[in-house]
Amino acid sequence: MGRLINKEDLQEVLAEIKKEGKTLAVTNGCFDILHVGHVRYLNMSAKQADYLMVLLNSDKSVRAIKGESRPINKEEDRAEVLSALNCVDYVMFFDENSPSKLLEEIKPDVYTKGADYNLENLPEAKSIQSYGGKIAFIDLVEGVSTTKILEKLNS
């Protein structure tokens, strides 16, 4: 079961992982209405390293990216659901549209993102490449997304 951490906990968590000689994968997203695509994505992300940290867009960040009608679920609830997944070790909120600055601080061994991105259009690519980190693109489940679920509910 994952643990919700804050900025003050971050360096301690990173030091403990390093002390254990373990690797860290990091991903990020809104994870508003958790669905099978999210679960498969997170499971594949977790296989990239010993620990998986999810950087979770705060409510403020989700509204900036997705619009005023989102998120459907508030940040505390989204964090609790993610933390309950066996594959997620840590969850941490961030307010920005992109976690690039936070990634430069964390310096994960692996950063995962959906295969709908590539090195050319991934905003975080430069941050990860700046210290030699690896980027893993994870295949998405075709036809499954929070947006499509909401469209179906509203039709």
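Only the coordinates and a few stated rules stand behind these numbers; no lab work does. Nothing here was measured: the structure is a model prediction, and the numbers come from that model. As a convention, Cβ positions derive from the backbone with ideal geometry for all residues, glycine included, and neighbour counts pool all protein chains shown.
Put simply, when 103-115, 75-87 are sorted by average Cβ atoms within 10 angstrom per residue, most first, you get 103-115, 75-87. Counting only alpha carbon atoms, the long axis of helix 7-19 and the longest principal axis of the chain meet at about 50°. Would you please state which residues of region 54-81 a label at LYS134 would reach in this model, taking the label point 7 Å out along Cα→Cβ and a backbone N cut-off of under 20 Å? Residues passing the 20 Å test: 54-55. Here's the list of lysines a cross-link from LYS113 could span, going by alpha-carbon distance under 24 Å and ignoring same-chain residues fewer than 8 apart: LYS7, LYS18, LYS22, LYS47, LYS60, LYS66, LYS74, LYS101, LYS126, LYS134, LYS148.
Dividing the helix sum by the residues of the chain, where each DSSP H run of 4 or more adds -39500 (n - 2.57), gives a mean residue ellipticity at 222 nm of -11000 deg cm²/dmol. Stokes-Einstein diffusion for region 1-45 at 4 °C, viscosity 1.567 mPa s, with a Kirkwood radius from C-alpha pairs, works out to 103 µm²/s. If you work out Kirkwood radius over Cα pairs in Å from the coordinates, which of (1) 15.8; (2) 17.7; (3) 19.9 do you get? It is the value labelled (1). Which distance in Å, rounded to a whole number, links the C-alpha centroids of region 71-139 and region 55-70? Taking the Cα centre of region 55-70 as reference, the centre of region 71-139 is 15 Å away.
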